[in-house]
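The structure appears below as structure tokens.
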Amino acid sequence: KAKNDGRATYAFYSQELTTCARQRVELIAALRQALEHGELRVHYQPIHDLRSGQMVSAEALVRWQHPERGLVLPDEFIPVAEENGLIGAIDLWVLEQACRQMRSWLEAGQTPGLVAVNISTRLFGRGGLDLQVADILARTGLDARHLELEITESAVMDDPDSARRQLQRLRDLGVRLAIDDFGTGHSSLQRLKSMPVDKLKIDRGFVAGLPADGKDVAIARSVIVLAHSLGLTVLAEGIEQSEQADFLRRNHCHLGQGYLFGRPQPAEELFRAAAVLPAKALAD
Ligand code: C2E
Ligand code: MG
Ligand code: MG
Ligand code: MG
């Protein structure tokens, strides 16, 4: 009986896997089309200075406006795009949109003065990113100091020597650099100290338990102190409650991002939301 069960389970899984593989192939084809047919969108999430309450930057986050399924979030297609290599084209598309958007915000005299764009490990590891970024900046007419690139910890730590050179070339353009999801990868402090970056983004996994969870408190405090000691700006992701913002501000975390301040939203809605949120978010 057990044997039969085992076989049945195996058959079930193998069918599942086939379906999965086929779905993945279809997803890749659909995603490629989405890119060509203009179904991708860029939403912007505000980032606030925790002291002044001012919105200081915005992170560009990709979405897929699917004709039947509606708005699809990146977790559903970024991993597949990473595997298949399509991620490079997506990232460069998002980068160009974000640079255009930043330029038109500046022309309209609106803050934020900085837009942050996610760069996948794969695109970063390919090399030549500095040339592609320089090209997009030239094409969109955006000054490099208004652009920040978010690179994950693993992209930076896996091949540190080549990462350091790549980061330095990007920095020479005048672009700012942030390490995203800090604390979730395998960071080495030795390597971190030699990386030419400007900012650490504390992953929201460590922010969730603030201020009650003693371990999250210890980790958040340590990362903030580490960032200050290395002369880096520190940002906390995923702030949903004012208690979290209060704790982080009291512990000298510079910047905050999360639903408390605003969700990722279309560019034209960013300022409407920002105008009303800081006072509430910063009630002491
Ligand atoms: P990330 O770069 O760490 O971006 C922050 C994610 O946290 C976003 O999810 C954002 O919506 C979410 N978030 C922000 N505040 C809160 C909060 O208060 N509570 C909760 N529960 N979540 C919050 P999103 O937009 O679904 O993106 C997920 C991930 O997909 C991003 O994480 C990033 O790794 C990746 N991604 C998004 N856009 C791009 C892109 O253009 N290129 C690449 N390579 N990756 C991207
Ligand atoms: Mg990010
Ligand atoms: Mg992040
Ligand atoms: Mg994250």
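Counting only residues that are under 13 Å from residue 235 (Cα atoms) and open to solvent by 30 Å² or more (accessible area, probe 1.4 Å), which one in region 175-199 is farthest from ligand 1 (Cβ to nearest atom)?
Looking at the filtered set, the residue picked out is 198.
For residues that are within 16 Å of ligand 1 (Cβ to nearest atom) and among the small types (Gly, Ala, Ser), tally how many sit in region 200-223.
4
Can you list residue pairs whose Cβ atoms sit under 6 Å apart, with the first residue in region 89-100 being acidic (Asp, Glu) and the second being open to solvent by less than 50 Å² (accessible area, probe 1.4 Å) and more than 9 Å from ligand 1 (Cβ to nearest atom)? Count only pairs 6 or more apart in sequence or on different chains.
What qualifies is 96/136.
Among the residues of region 139-193, which ones are polar (S, T, N, Q), more than 19 Å from residue 121 (Cβ to Cβ) and at pLDDT below 95?
190
Name the single residue, out of those in region 56-82 being outside any strand (DSSP E or B) and either away from ligand 1 (no atom under 12 Å from the Cβ) or of a type in the set (A, V, I, L, M) (or both), that is least open to solvent (accessible area, probe 1.4 Å).
The qualifying residue least open to solvent (accessible area, probe 1.4 Å) is 81.
Evaluate the following for residue 69: is it over 16 Å from the mean Cα position of the chain (by Cα) and modelled with pLDDT of 95 or more?
It is false that residue 69 is over 16 Å from the mean Cα position of the chain (by Cα) and modelled with pLDDT of 95 or more.
Please specify each residue of region 106-137 satisfying the condition of being in contact with a strand residue (DSSP E or B) (Cβ under 8 Å, 6 or more places away or on another chain) and in a helix (DSSP H, G or I).
121, 124, 129, 133, 137, listed by residue number.
How about region 134-184: which of its residues are in contact (Cβ under 8 Å) with a residue 60 or more places away in the chain and within 16 Å of ligand 4 (Cβ to nearest atom)?
148, 150, 178, 180, listed by residue number.
Under the condition of being within 16 Å of ligand 4 (Cβ to nearest atom) and outside any helix (DSSP H, G or I), which residue from region 200-227 is surrounded by the most Cβ atoms within 10 Å (Cβ to Cβ)?
202
Could you list, in sequence order, the residues of region 138-167 that are closer than 17 Å to residue 199 by Cβ, outside any strand (DSSP E or B) and aliphatic (A, V, I, L, M)?
144, 155, 156, 157, 163, 167
Taking region 195-220 as the search range and keeping residues that are farther than 15 Å from residue 245 by Cβ and of a type in the set (Lys, Arg), which one is nearest to ligand 2 (Cβ to nearest atom)?
So the residue we want is 201.
Quick check, is residue 116 hydrophobic (A, V, I, L, M, F, W, C), at pLDDT 95 or above and either open to solvent by 30 Å² or more (accessible area, probe 1.4 Å) or touching a Phe, Trp or Tyr at 6+ places or on another chain (Cβ under 6 Å) (or both)?
Here the answer is no, as residue 116 does not meet what is asked.
Every residue in region 60-76 that is in contact with a Phe, Trp or Tyr (Cβ under 7 Å, 6 or more places away or on another chain) and within 16 Å of ligand 2 (Cβ to nearest atom), please.
60
Name the pairs: first residue in region 213-238 and among the acidic types (Asp, Glu), second residue open to solvent by 70 Å² or more (accessible area, probe 1.4 Å) and within 16 Å of ligand 2 (Cβ to nearest atom), Cβ to Cβ under 7 Å, at least 6 apart or on different chains?
Note: pairs meeting the criteria are 237/204.
Within region 26-66, track down each residue that is closer than 16 Å to residue 236 by Cβ and charged (D, E, K, R).
Of everything in region 26-66, those that are closer than 16 Å to residue 236 by Cβ and charged (D, E, K, R) turn out to be 49, 51, 59.
Under the condition of being of a type in the set (Gly, Ala, Ser) and crowded, with 23+ Cβ neighbours inside 10 Å, which residue from region 228-257 is nearest to residue 152 (Cα to Cα)?
Looking at residues that are of a type in the set (Gly, Ala, Ser) and crowded, with 23+ Cβ neighbours inside 10 Å, I get 236.
So, in region 35-50, of the ones that are surrounded by 15 or more Cβ atoms within 10 Å (Cβ to Cβ) and more than 13 Å from ligand 1 (Cβ to nearest atom), which residue ends up nearest to residue 241 (Cα to Cα)?
Among those that are surrounded by 15 or more Cβ atoms within 10 Å (Cβ to Cβ) and more than 13 Å from ligand 1 (Cβ to nearest atom), it is 50.
Of 53, 85, which residue is within 30 Å of residue 250 (Cβ to Cβ) and either at pLDDT below 95 or open to solvent by less than 10 Å² (accessible area, probe 1.4 Å) (or both)?
Answer to the selection: 53.
The values are calculated or read from the model by the stated rules, or taken from the named source; none is laboratory data. Remember, predicted model here, so these are calculated numbers, not experimental data. All Cβ positions, even for glycine, are placed from backbone atoms using ideal geometry, and neighbour counts span all protein chains on display. In case anyone asks, the SASA skips ligands and DNA or RNA and just uses the protein heavy atoms, side chains included. Shrake-Rupley method; radii C 1.70, N 1.55, O 1.52, S 1.80 Å.
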